[in-house]
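Have a look at the structure below before the remarks.
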Amino acid sequence: MIKITFPDGSVREYESGVTGLQIAESISQRLAQEVLSVGVNGQTVELNRPITEDAEIALYKWEDTEGKHTFWHTSAHLMAEAIQELWPGTQFGIGPAIENGFYYDVMPPEGVVIREEDFPKIEQKMVEIAQRKEAVQRAAISKADALKYFGDRGQTYKNELIADLEDGHITTYTQGSFTDLCRGPHLLSTAPIKACKVMAVSSAYWRGDEKRPMLTRVYGITFPKKKLLDEYLALLEEAKRRDHRKIGKEMELFMFSDLVGKGLPMWLPQRHRTAPAPRRVLEEDPKEIRLPTGHHAAHRVEEPLRHLRPLRQIRQRLLPAHHHARRGRGILPQTHELPPPLRSLRLETPLVQGSAPAHRRIWHGLSLRTER
């Protein structure tokens with residue numbers, strides 16, 4: 001018997017060779033249906049990997065980062081299998097799970113270019129393969145056998161990776177007709193994968209070396225429920241709507257030009273002149289304002305100065321837009337563009353004057369004697 005310690009500190013005894021799936025089943029059938037992988041002494045492994053000694057374990061579901069990583073790692077292989085069926089002769093590089101989804105670097109056959117219009121058929125093929133519920137089988141293989149296996153299939157990039165590995169530590173994972181060089185961990189089958197989406201395609205140098213061949217990098221993401229995919233896509237659309245690059249252009253904070261490069265924003269003049277920084281911001285008591293020293297005796301004060309006219313213009317959205325090449329309509333400043341002490345300033349504020357006999361009031365932030 002071996003002792004299994006759970007995250008809450010509880011300990012149970014099981015027969016040597018017990019698997020993570022069997023442990024989950026001993027707790028509840030629902031947990032066994034939801035668990036995706038298991039952590040054994042800090043290492044994430046497949047649910048069917050035997051545990052032969054005392055260990056601390058954690059059962060990972062979709063809600064866990066490790067569970068998502070396992071799910072998306074298998075999904076990367078699923079996408080590679082779909083690409084292999086669609087374009088036989090494709091060479092494969094690496095296909096890891098990433099923070100949101102996964103990608104696979106591939107070299108399609110000569111004359112084939114994977115484009116955005118190919119995404120739907122890749123997604124359809126992925127769903128079709130997932131519905132086959134193909135078992136994912138792990139196998140340890142010698143270095144010589146691995147070189148021969150992938151060499152016979154023309155997988156030169158895989159052979160280059162194998163050449164850097166130590167013999168005795170090489171494993172492959174097979175699902176259906178697709179076998180990949182991989183360390184895992186993976187799902188037990190493709191069955192949990194219900195919704196698939198190919199997100200983007202780009203180019204990447206093999207192993208990040210600009211002197212090496214350029215591969216096609218295909219990004220994707222999958223979910224155990226269609227509803228989760230719909231929510232994720234809606235979130236992406238909302239993020240695009242709130243993208244500072246898009247909003248900044250619409251508000252005419254800055255512009256982009258092909259003349260200087262798409263990655264270099266050029267600030268527009270209006271935004272540099274919108275709200276001159278006050279010479280002093282009264283954070284302690286924003287209700288009390290001293291007018292700047294002017295030509296009128298009522299304005300002679302020795303305190304630091306603060307200009308109210310720009311503030312009034314911003315608060316009332318009256319600041320005019322300035323002309324600039326390639327600009328469209330003018331977008332007026334918003335209150336949220338102000339520093340916190342100015343945002344909270346009331347439009348009707350007591351006015352303290354140096355030699356004035358009594359308190360007057362500033363309506364809408366502007367006195368009759370303020371600067372014009």
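Segment residue 259..residue 10, full-extension length gain: 83.1 nm, with 0.36 nm per residue of separation and the alpha-carbon distance subtracted. Put in line by how crowded their Cβ is, counting other Cβ atoms within 10 Å and starting with the fewest, 118, 152, 167 read 152, 167, 118. The lysines whose alpha-carbon is closer than 24 Å to the alpha-carbon of residue 133, local same-chain residues fewer than 8 away aside, are 61, 68, 121, 125, 194, 197, 225, 226, 227. Charging the Cβ of each Asp and Glu at -1 and of each Lys and Arg at +1, and nothing else, the dipole of region 62-217 about its Cα centre rounds to 200 debye. Counted over all Cα-Cα pairs of region 211-270, pairs farther apart than 16 Å make up 66 percent. Restricted to Cα atoms, region 102-154 shows a radius of gyration and a Dmax of 15.3, 40 angstrom.
Subtracting the Cα-Cα distance of residue 228 and residue 3 from their residue separation scaled by 0.36 nm leaves 77.3 nm. Between the listed residues 206, 219, 139, the Cα displaced farthest toward the positive end of the dipole of region 125-222, a dipole computed from Cβ unit charges relative to the Cα centre, is found at 219.
The Cα atoms of region 1-125 define a convex hull whose projected area, averaged across directions, is 9.4 nm².
Hydrodynamic estimate: the Kirkwood radius of region 111-221 over Cα pairs, inserted into Stokes-Einstein at 4 °C and 1.567 mPa s, corresponds to D of 81 µm²/s.
Over the Cα atoms of region 187-237, the radius of gyration divided by the Kirkwood radius equals 1.15; this is the Rg/Rh ratio. The value obtained for region 40-94, namely the Cα convex hull volume divided by the number of residues, is 109 Å³ per residue.
Sort 196, 182 by Cβ crowding within 10 Å, fewest neighbours at the top.
182, 196
Using the Cβ-Cβ distance between residue 153 and residue 242 with R0 set to 56 Å, the FRET efficiency from 1/(1 + (r/R0)^6) comes to roughly 0.75. Extension gain for the segment residue 110 to residue 28, taken as residue separation times 0.36 nm less the Cα-Cα distance, is 24.4 nm to one decimal. Net charge dipole, region 169-241: roughly 20 debye, given to the nearest 20, about the Cα centre with Cβ charges of +1 for Lys and Arg and -1 for Asp and Glu. Among 115, 12, 49, a tally of other beta-carbon atoms within 10 Å of each Cβ gives an order, fewest to most, of 115, 12, 49.
Every number here is computed from the coordinates shown, using simple stated rules; none is lab data. If you're wondering where the values come from, they're calculated on a predicted model, not measured in any experiment. Because the Cβ atoms are built from the backbone with ideal geometry, glycine has one as well, and the counts that use them run over all protein chains shown.
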